[in-house]
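Here is the structure we will look at, set down as structure tokens.
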Amino acid sequence: MLDPIPWLIVLPPAWASLAFLLGPGRGGRLAIIGLTLQLALAFMLAGQLLTDGARVYAVGGWGAPLGIDLAADGLSALMLLLTQTVALALAIYARAYFAGGHGGPAAWFWPLTGFLLAAMNALFLSADLFNLYVTLELLGLAAVGLVAAGGGGTQVAAALRYLLVSLVASGAYLLGVALIYATYGTVSIATLTPLIDAQAPLAVWLAAGLMALAMMVKTALFPFHFWLPPAHGSAPAPVSALLSALVIKASFYLLLRLWLGGFEALGAVIAWLPGVLGAAAIIWGSIQAIRASRLKTLVAYSTVAQIGYLFLIFPLLAGGGLAYQAGAMQIVSHGLAKAAMFAAVGVLMRATGRDTVDSLAGVAGRLPLTLFAFGLAGVTLMGLPPSGGFLAKWLLIDAALEQGQWGWAAVVIAGGLLAAAYVFRVLRQAFLLAPPATHFEAVPRRMEWVAFGLAAASVLLGLRGMELIALLGVGVAT
Amino acid sequence: MSAGLIYALTGVLLFVMGAAGVVLLDHLLRKILAFNLLGSGAFLVMVGLAQRGGGVDPVPHAMVLTGIVVSVAATALALALARRLLAVDADPEQD
Amino acid sequence: MSMSLSLSFDVLLAFALLWSAWRSLSTPDLSRAVVMFIVFGLLMTLAWARLDAPDIALAEAAIGAGLTGALLLDALATLRGKRKATLDG
Amino acid sequence: MAKALPRLLVVLLALLLAAALFAAVFDLPQPAVDLPAQVAANLAQTGVEHPVTAVLLNYRGYDTLLEIAVLLLALLGVLAIAGKPATRTAERVDPVLQMLARIAVPLMILVAGYLLWAGAHRPGGAFQAGAVLAAAAVLLNLAGLLPAWSTPGKLLRLGLSAGFLVFLAVAAGLLAGGELLRYPPQLAGGLILLIEAGLTGSIGLILAGLFLLTSERGRSR
């Protein structure tokens, strides 16, 4: 039987380097073939896990702690599925978006995207702390390259800040790995998990703190979100979509993995902190989104706010309810919805030739499909039924009420109302009549359909919640 | 006190100095230098602590080799970005 | 005797590392800072040799001190040139 | 003045972290896992005699595969932001430097070859060898004997990615017949040397490229 685990890691760098060989602007078709195969492999993996349970794969045949182990459980399968789905849709979008251009940001988009996916697939499957460091660096450099591509002033400034933040965070993570290795003599998560308890020496607490902080910075949790709006707001639309939908989820995934894996005994003490920061992120990000004048800045700040929900799960993980499932559902639904929203914004900007919210007047009549996509994605972000966002927020509120921590529930509800404010701000503007002389550029229909497809998927996700929760039930193999 | 421990403690100070430097210094080139110090500090901690008992451990050696290569790659990209930023600032037509 | 001698060498080297690192961040002149950083890289090479890590010492000398140093010096030259050009222009 | 307080806070936090790390360093237990012993015990099956090379290319060869991708990616990033090449007036080339380069570069290539070969038994290997090759290229550039690069052509792109492609092909080949990067012990030595040879060339080119793509010295228009 074909094992999808190693092929999910080998395929993306293979087509990425072939795309590099082909030359500037080339490789789009290769990417779509590769991504289609990867999506099939991800489905295959999910199916295998559902029937046979979680699995460990020893690279090189050595086995941990001497070699590097890969591990696939429900959460990693879900992340892989989301990643390949969104990336494939965005690849189709990007082929139209960059059509005809071989210079600027289009020149090396495909190889950079291929390595970005290589990094994410490797990260979701790795069970080795040092190997994860290498995947983090790979992911960071690919993301920075994509933001900077084309070399415009604002982009380069945003990319440089992003790079420095990302490098310092990786350095902190690496110091954590060094402390763990010094204490236990191994970096394999499976070997470490039974060794770490609440009586762990100070070095392990510091390591956990450094690594958690690094992941919060990379995920752009408030107040470490400062690098995100310029980076996600200045990149080309397909890049913003990849970064906002997927890349920040990778570092969050790692945090969750460490929190539930090795560091579970340590995390309980400060679980309230990520919760409080998450609540602050929801309020602050939403207010900034409401006030933003540029369309992409609005969507980027909405990402800052939506990240906050992910961190609300930490104070709820230890008690009853389905906080873990809520977090996973939020990752997937926000991933689909935010990819859709940036894709839609890319269409709107291409059509109006401007990037402000105010210039949207008249768009409703010209691009109803795209506006509908934006609205559907907004439904998920607000958390209205039957969307995936609704399911995520409902599970969160349920867990909070079950544990008597009603404050978190109040934050979730307030966040939904604030999201409605910035989504309707865009929609209201779009329904205004355009000034008589307004000219709209034609936009490829394919781009509109991708935005719509992703948005529809984020809404319909709520109807398939039971399948996803079943997949998440496939626990870590031991 | 072993040699490993001395260099591990030096690494701690280098890491902290670098981290503070990246945050506090204004010039981009200095930030890049500071990041490199931070990285070297983490490498020293990794090898130094693993060898605090006196023996030689090849595993962190290999990890640090990987780390050094990653770090020069990141430095080169950061410098290229810094140069580009300056070129765009000096000559907006290059944009 | 030789044990304590080599340990005092280690302590001395540790101080030299910290001093060159500090100078590379604190000296007001940028080109001096880069030179101090290259000195730091060479001292790191010694430290790796003292830690019985000749592989890392080789890589540090070639990549850490050599190539990174060349990249930094070249970047510095460009930054200087650009600044001069904008001042003249 | 308004910035003084946060700056003080950063310094205080840094000192606090240093103090905590110092305390932690003096309170470390004996590690539960003895990895150096396992590295030594399995060395005979790795195909190389030098333990660091065994970790780098066999036990943890997967890290190294990803690391080459990091290098290639940094080069891609540099390519992606490159603007129109700036022109520079003719450089004064130091004749002493030029003579030095003519003598040193052949020697450096020999050293690189030695380091590559030595890696199996003693310190050395693809990274060090590649770095020496790159240093040779930088020296040639500084001496005015090698122009900076603009966008690389097909042949150069092949050279840049060959090391990674060879590594990936070996990984995929082994995967088709068994597991990712699991070398049969009798083939391990040969395959590792093949990978290292490819890596040396590509690492040399990539590291040189990181310099030559950004440098403006003697760039041909």
Filter region B:37-70 down to the residues that are more than 16 Å from C:D55 (Cβ to Cβ), assigned to a helix (DSSP H, G or I) and more than 7 Å from every other protein chain (Cβ to nearest Cβ) and list them by number. B:G41
Of the residues that make up region A:93-107, is at least one aliphatic (A, V, I, L, M), within 11 Å of chain D (Cβ to nearest Cβ), crowded, with 21+ Cβ neighbours inside 10 Å and part of a strand (DSSP E or B)? no
Among what's in region D:80-101 and is farther than 30 Å from A:G152 by Cα and surrounded by fewer than 11 Cβ atoms within 10 Å (Cβ to Cβ), pick the residue that is modelled with the lowest pLDDT. D:R92
Note on region B:23-43: residues surrounded by fewer than 22 Cβ atoms within 10 Å (Cβ to Cβ) and either in contact with a helix residue (DSSP H, G or I) (Cβ under 9 Å, 6 or more places away or on another chain) or over 24 Å from B:L81 (Cα atoms) (or both) are B:V23, B:L24, B:L25, B:H27, B:L28, B:L29, B:R30
As an exercise: evaluate D:L187 against (1) more than 11 Å from every other protein chain (Cβ to nearest Cβ); (2) surrounded by 20 or more Cβ atoms within 10 Å (Cβ to Cβ) and give the number of the one condition it does not meet. (2)
Name the one entry in C:S6, C:S31, C:S24 that is surrounded by fewer than 21 Cβ atoms within 10 Å (Cβ to Cβ) and within 26 Å of B:A82 (Cα to Cα). C:S31
Quick test for you: out of B:T10, B:T75, pick the one residue that is crowded, with 23+ Cβ neighbours inside 10 Å, touching a Ser or Thr at 6+ places or on another chain (Cβ under 6 Å), of a type in the set (S, T, Y) and within 29 Å of D:G125 (Cα to Cα). B:T75
If you take the residues of region D:192-216 that are surrounded by fewer than 20 Cβ atoms within 10 Å (Cβ to Cβ) and in contact (Cβ under 8 Å) with a residue 40 or more places away in the chain, which of them is nearest to the other protein chains (Cβ to nearest Cβ)? D:E216
Exception for A:P13 within (1) outside any helix (DSSP H, G or I); (2) within 30 Å of D:L43 (Cβ to Cβ) falls at (1)
What are the residues in region C:39-59 that are facing another protein chain (nearest Cβ under 7 Å), crowded, with 22+ Cβ neighbours inside 10 Å and over 10 Å from the mean Cα position of the chain (by Cα), if any? C:A47, C:L51, C:A53, C:D55, C:I56, C:L58, C:A59
When B:A8 is run through (1) among the small types (G, A, S); (2) more than 7 Å from every other protein chain (Cβ to nearest Cβ); (3) part of a helix (DSSP H, G or I); (4) within 22 Å of A:V204 (Cβ to Cβ), the failure sits at (2)
Going by the structure shown, is A:V165 at the interface with chain D (Cβ under 10 Å from one of its Cβ atoms), in contact (Cβ under 8 Å) with a residue 60 or more places away in the chain and β-branched (V, I, T)? no
Pairing a residue in region A:213-230 that is in a loop (DSSP other than H, G, I, E, B) with any residue that is among the basic types (K, R) and at pLDDT 95 or above, where Cβ atoms lie under 6 Å and the two sit 6 or more apart in sequence or on different chains, gives A:W227/A:R161
Return the pairs, sorted by first residue and then second, in which the second residue is at pLDDT below 95 and part of a helix (DSSP H, G or I), the first residue lies in region A:126-143 and is more than 7 Å from chain D (Cβ to nearest Cβ) and farther than 19 Å from A:I5 by Cβ, the beta carbons are less than 6 Å apart, and the residues are 6+ apart or on different chains. none
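Taking A:A190 as the residue in question, decide whether it is of a type outside the set (F, W, Y), touching a residue at least 12 places away in the same chain (Cβ under 8 Å) and away from chain D (no Cβ under 11 Å).
Yes, satisfied.
The values are calculated or read from the model by the stated rules, or taken from the named source; none is laboratory data. Computed from a predicted structure; not experimentally measured. Neighbour counts run over all protein chains shown; Cβ positions are idealised from the backbone, glycine included.
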